[in-house]
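Read-outs: derived from the displayed coordinates by stated rules, not from any lab. Every value quoted in this text rests on a predicted model; they were computed, and no experiment measured them. Cβ sites come from the backbone with ideal geometry, for glycine too, and all protein chains shown count toward neighbours.
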Amino acid sequence: VFHVKHETPSALRFLDAALADAAARDLLRERPPPSFDAKSFCSNDYLGLADALAPPHPAGAGASRLVSGDRQEHADLETAAAALVGQDAALVFTSGYAANVGVLSALAGPEDTIVSDALNHASIIDGARLSRARVLVVPHADVGAVRAALCRPRPGRAFVVTESYFSMDGDGPDLQALRAAADAADAALVVDEAHALGVFGPGGAGLCAQAGIVADVVVGTFGKAFGAGGAFVAGPPPLARWLWNRARSFVFSTGLSPAVAAAALANIRTAAGEPERRARVLENARFFRAALEEVGVRPLGFGPIVPWVIGEPAPAMRAAAALRNLGLDVRAIRPPSVAPGTARLRLTVTARHAEADLAQAARRIGEVAAKLR
Ligand SMILES: Cc1ncc(COP(=O)(O)O)c(C=O)c1O
């Protein structure tokens with residue numbers, strides 16, 4: 001065995017101090033405790049599909065799809081994804097993170113402008129940065145601010161990018177107004193439907209479909225309501241061809257595992273064939289939100305992401321631990337995932353919860369909330 005002991009270089013010696021500093025501020029993340037309950041309140045498996053056994057398909061693509069890793073499983077999944085969101089073409093990525101980083105950096109360049117919601121996911125922020133476009137960050141869900149940003153003189157193309165259902169806030173922008181603002185400025189509307197697909201809209205087609213608008217570019221993931229993994233970008237056919245050529249997180253990366261692609265497709269079909277899962281999660285979300293209000297906890301937003309903002313990281317961590325001791329699998333979300341001073345419990349409801357689970361959870365959350373006051 002070739003092991004030569006050597007001194008840690010000074011370039012890495014900051015790590016102990018930096019980790020201790022994060023710990024002192026209650027911001028250190030460690031490997032989380034194992035989820036002890038299929039009916040946890042912290043998973044994105046909204047339709048209860050993640051435990052479905054995947055049909056047997058090859059484990060690996062073996063190479064980038066541009067080289068020799070392109071498989072029928074990818075093509076089938078792309079057809080289904082494009083159809084789901086009413087777009088003509090889609091390209092499958094290995095994750096939503098890779099999809100957002102790839103699409104924004106492939107579409108925008110230094111001459112261009114990206115108008116980005118202040119609460120957009122880290123992958124959108126990173127994609128916008130990588131594009132080297134001018135990024136105008138607008139206050140959350142503020143269509144007036146988007147309009148104002150689009151009025152600023154600009155040399156190149158303009159893109160408005162938003163989530164349709166915000167992952168940490170459980171809310172979303174007025175998509176009709178956003179569509180109109182983008183149209184008025186000849187800007188492209190890019191909508192990340194990661195947490196909305198499978199849950200909202202006709203047939204689970206998402207919040208754009210529910211609002212009756214069509215985005216120019218849609219990002220969706222298969223790792224949340226569809227219980228598998230991977231993601232897609234959908235839009236007009238030239239978009240998919242351009243991404244195939246220029247989205248670096250697609251080009252320079254092994255293709256999505258065919259087994260995962262097949263699992264995602266099977267779960268999309270199950271979701272379509274069993275609409276009661278979608279009805280259940282939406283009804284559960286309504287029931288749980290009402291039960292929380294009854295015990296004096298006012299969550300943000302609407303739908304199955306139910307954020308209870310506590311404030312500082314330490315009490316949020318204490319509340320999560322107290323709930324875990326009461327048998328509820330709940331996790332605290334702290335900066336930098338959310339803004340300083342808005343640490344929260346991000347409670348999620350799925351189709352697997354029974355009303356009795358939700359009623360009991362709300363009572364326990366009420367007890368813990370009373371102790372925090
Ligand atoms: C809005 C949004 N976009 C993209 C992603 C990334 O998706 P993935 O987990 O597939 O990388 C997430 C969550 O992780 C998300 O919440």
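List of remarks:
- Taking a straight Cα-Cα cut-off under 17 Å and skipping sequence neighbours fewer than 8 places away in the same chain, the aspartates and glutamates within cross-link reach of LYS39 are ASP51, GLU283, ASP329, GLU355, ASP357.
- Computed from label points 7 Å out along Cα-Cβ, the spacing between ASP126 and LEU12 is 2.2 nm.
- Remark: spin-label model distance ALA75-GLU294 equals 5.4 nm, labels positioned 7 Å along the Cα→Cβ axis.
- Charge sum, other residues only, whose C-beta stays under 12 Å from PHE252's C-beta, Lys/Arg counted +1 and Asp/Glu -1: +3
- Within segment 65-117, the GluC sites (Glu not before Pro) that combine a DSSP coil assignment with at most 14 other C-beta atoms in a 10 angstrom radius are GLU111.
- Within the chain, no whole DSSP H helix has Cα atoms reaching 30 Å or more along its own axis together with a mean Kyte-Doolittle score of at least -0.5.
- Cα gyration tensor shape for segment 139-279, rounded if a/c is under 1.5, else prolate or oblate: oblate
- The H on the amide N of VAL135, modeled in the peptide plane, is under 5 Å from the matching H of ILE114, each at least 5 residues off or on a different chain.
- On the beta carbon distance between ASP88 and GLU312, with R0 = 41 Å, the FRET formula returns roughly 0.30.
- Helix-only CD estimate at 222 nm, as mean residue ellipticity for the chain, using -39500 (n - 2.57) per DSSP H run (n ≥ 4): -12500 deg cm²/dmol
- Of the chymotrypsin sites (Phe, Trp or Tyr not before Pro) in segment 203-269, the ones in a loop by DSSP (not H, G, I, E or B) with at most 12 other beta carbons within 10 Å are PHE252.
- Here SER64 and ALA370 are evaluated by their C-beta separation; at R0 = 45 Å the FRET efficiency comes out at 0.25.
- Bridge type composition, segment 80-232 - antiparallel percent by DSSP, nearest 5: 20 percent
- The chain: relative contact order in percent, alpha carbon pairs under 8 Å with at least 6 residues between: 22 percent
- Net length gained if the chain between SER35 and ALA177 were fully extended (0.36 nm per residue, minus Cα distance): 47.1 nm
- Paramagnetic label zone (point 7 Å from Cα along Cα-to-C-beta, ALA23; backbone N under 15 Å) in segment 328-363: none
- Segment 22-63: trypsin sites (Lys or Arg not before Pro) in DSSP coil with no more than 15 other Cβ atoms inside 10 Å: ARG25, ARG29
- A cut-off under 14 angstrom between Cβ atoms defines the neighbours of ALA133, and their net charge, with Lys, Arg +1 and Asp, Glu -1, is +3.
- Neighbourhood charge, 14 Å Cβ-Cβ cut-off, centred on PRO32 and excluding it, Lys, Arg +1 and Asp, Glu -1: +3
- Amide N proximity, segment 274-315 versus ALA359 label position 7 Å along Cα-to-Cβ, cut-off under 11 Å: none
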